[in-house]
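First up is the structure itself, then whatever we jot down about it.
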Amino acid sequence: KDIPGTSALSPAPSQECVPDSRSPSGTTEADYCRRILVRDAKGTIREIVLPKGLDLDRPKRTRTSFTAEQLYRLELEFQRCQYVVGRERTELARQLNLSETQVR
């Protein structure tokens with residue numbers, strides 16, 4: 001079966017997955033996995049097994065675009081101390097107009 005596009009996702013044919021030795025007895029991988037087919041850049045179709053709970057339709061978090069000044073300051077702080085925590089992190093985030101999460 002052909003998959004349109006170079007990176008299109010499509011549900012795989014329904015097959016029972018191989019039982020996982022870590023699962024409780026009687027439970028197969030099919031109970032919690034989902035197989036999809038993906039065409040890579042070379043056109044090869046590969047099968048990938050993913051957890052059923054994985055939400056592939058959820059939009060990805062946007063990547064922060066740092067300014068040159070922000071990068072310079074963050075790199076200086078990293079050279080000084082690889083782990084910026086507490087009050088220093090709060091202050092650096094405030095000075096750079098970033099969230100504390102972005103400063104981690």
Exercise. Ignoring ligands, DNA and RNA, how do CYS81, CYS33 rank by accessible area with a 1.4 Å probe, largest first?
Worked result: CYS81, CYS33
For this session: Quick one: work out Rg over Rh on the C-alpha atoms of region 39-104, Rh as Kirkwood radius.
Result: 1.23
Seminar exercise, completed: Of all trypsin sites (Lys or Arg not before Pro) in region 51-97, the ones in DSSP coil with at most 13 other Cβ atoms within 10 Å are LYS52, LYS60, ARG61, ARG63
Problem set entry | Förster radius 41 Å - calculated FRET efficiency between ARG80 and ILE45 (Cβ-Cβ, nearest 0.05) | 0.25
Exercise. What's the FRET efficiency of ARG104 with ALA68 using the Cβ-Cβ distance as r and R₀ = 25 Å, to the nearest 0.05?
Worked result: 0.80
Problem set entry | For PHE66, residues with placed amide H under 5 Å, excluding near neighbours | none
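The values are calculated or read from the model by the stated rules, or taken from the named source; none is laboratory data. Not measured: the values here are computed from a predicted model. So basically every Cβ, Gly included, is an ideal-geometry build from the backbone, and we count neighbours across all protein chains shown. The protein model used for the area step is the full one, side chains on, heavy atoms only, and it has no ligands, DNA or RNA in it. Shrake-Rupley method; radii C 1.70, N 1.55, O 1.52, S 1.80 Å.
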